[in-house]
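Please treat every number below as a calculation from the coordinates, not as lab data. The shown structure was predicted, so the numbers you read here are calculated from the model rather than taken from an experiment. Backbone-built Cβ (ideal geometry, glycine too); neighbour counts: all protein chains shown.
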Amino acid sequence: MMPSSKSKTKHKRSVSPSLNVQFDFEAIGTIWAITLTPTVDDRRIGQLLNVIRQRIEEFDHNYSRFRADSLITKMAQQPGTYHLPDDAEPLFELYEELYELSEGRMTPLIGQTLVDAGYDANYSLKTGTLQPTPAWPTVLDYNFPNLRIKQPALLDLGAAGKGYLVDIVAQLISDAGITDFCVNAGGDMLERQTGGEPMQVGLEHPDHSDEAIGVVSLQNQSLCGSAGNRRVWGEFHHIIDPLTQTSPTQLKAVWVVAETTLLADALATALFFVEPSKLHEAYTFEYTMIHKNYSLERSLNFPAEFFTTNEQTKSNL
């Protein structure tokens, strides 16, 4: 669906010895690690893994802007009214909310702008002429399950799509009767357990990928991060402000802990555009941000220990 360029977390095993089966595989341009307690037999575990991979493929086929055969690509080529997949509602509802909260800066209509900047299907990273990003009302008429595309437009759902897919995969695991597991898609992760100690997750230094600046204790929550150093070319990284057509530089890294990976993933991008206090009026989450000057700002209950004293603690709840 999209290459991995946002997440700034390192997956470490849980201190609980019961999580002793792990599957690693590549899909949607990133590495997946699924760790779980084997409460069903090996045959059913193998069947579950096949179901998961098929579900990831289905999601990618619907929502990838990097595939010539995807629904997103079809929408970009042909205006009209489209019947959205059954799973589209949470994703589009959240985008619609964040579009309003960010005054148009968090938008699924950023796709062509990313392509013009060089973040295209071939990953050319060669910047051309950026055309203005259209406004939502100009192009989209959303009334689930229908989405009317008034004019050709390339959608990009990368700010929340991978996190949402983690939630979908987690639900498949839960439906199989497995209660203790972790799903990690390139650093966008969800942890669920019925007991034991929290999972310890290292937070990657924004300038040194082999160093950690802190450790999050994750238990029955989701964690996502975003930073501008994973995919950088010229003056751009993977986040572009559609109003200024520039990549934000005021933050080096953001991490969000929330109940769902969809929300954590989306807010990890939204915080580049919207003050945490404004987002806290609409959503329940904890966050940490590293500013351009390396000062560290965190919400009161962000569950982490940091290896720095240059810290601001803020409670916006």
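Each of Ile149, Thr113, Pro137 was placed along the dipole of the stretch 86-149 (beta-carbon charges, centred on the mean Cα), and the one lying farthest toward the positive end is Thr113. If you sort the three axes of the alpha carbon gyration tensor as a ≥ b ≥ c, you get a/c of 1.5 or more for the stretch 102-246 and a/b no higher than b/c, which makes it oblate. Spin-label pair Asn301-Thr127: with each label point 7 Å from Cα along the Cα-Cβ axis, the two points sit 4.2 nm from one another.
Ranked for footprinting exposure by Cβ neighbours inside 10 Å, fewest first, His205, His280, His83 give His83, His280, His205. Calculated over the stretch 179-265, the projected area of the Cα convex hull averaged across directions stands at 6.6 nm². Multiplying the residue separation of Thr81 and Asn146 by 0.36 nm and subtracting their alpha-carbon distance yields 22.7 nm.
Computed from the C-beta positions of Asp175 and His208 and an R0 of 41 Å, the FRET efficiency is 0.55 to the nearest 0.05.
Going down the list Lys74/Lys162; Lys74/Lys252; Lys126/Lys150; Lys126/Lys252; Lys150/Lys292, which pairs span over 32 Å between their C-alpha atoms? From Lys74/Lys162; Lys74/Lys252; Lys126/Lys150; Lys126/Lys252; Lys150/Lys292, over 32 Å: Lys74/Lys252; Lys150/Lys292.
Calculated mean residue ellipticity, 222 nm, the chain: -8000 deg cm²/dmol, from DSSP H runs (n ≥ 4) at -39500 (n - 2.57) each, averaged per residue and rounded to 500. Divided by 2.2 N^0.38 Å, where N counts the residues, the Cα radius of gyration of the stretch 86-149 comes to 1.25. Scanning the chain for chymotrypsin sites (Phe, Trp or Tyr not before Pro) in DSSP loops with at most 15 neighbouring Cβ atoms within 10 Å leaves 124-293 as the longest stretch between them. The slack in the chain from Ala282 to Glu100, taken as 0.36 nm per residue of separation less the alpha-carbon distance, amounts to 64.4 nm. When only the Cβ of Lys, Arg, Asp and Glu is charged (+1, +1, -1, -1), the dipole of the stretch 86-149 relative to its Cα centre reaches about 440 debye. The residue among Val257, Tyr164, Leu71 whose Cα reaches farthest toward the positive pole of the charge dipole of the chain, with charges on the beta-carbon of Lys, Arg, Asp and Glu, is Leu71. With a ≥ b ≥ c the root eigenvalues of the C-alpha gyration tensor of the chain, is it rounded (a/c under 1.5), prolate (a/b larger than b/c) or oblate? Oblate, because a/c is 1.5 or more while a/b does not exceed b/c.
Near the amide H of Ser247, within less than 5 Å, lie the amide hydrogens of His237, Asp241, all on another chain or at least 5 residues away, with H placed in the peptide plane.
Legend: helices of the chain (whole DSSP H runs) are marked when their alpha-carbon atoms reach 18 angstrom or more along the helix axis and their mean Kyte-Doolittle hydropathy is at least 0.5; marked are 161-175.
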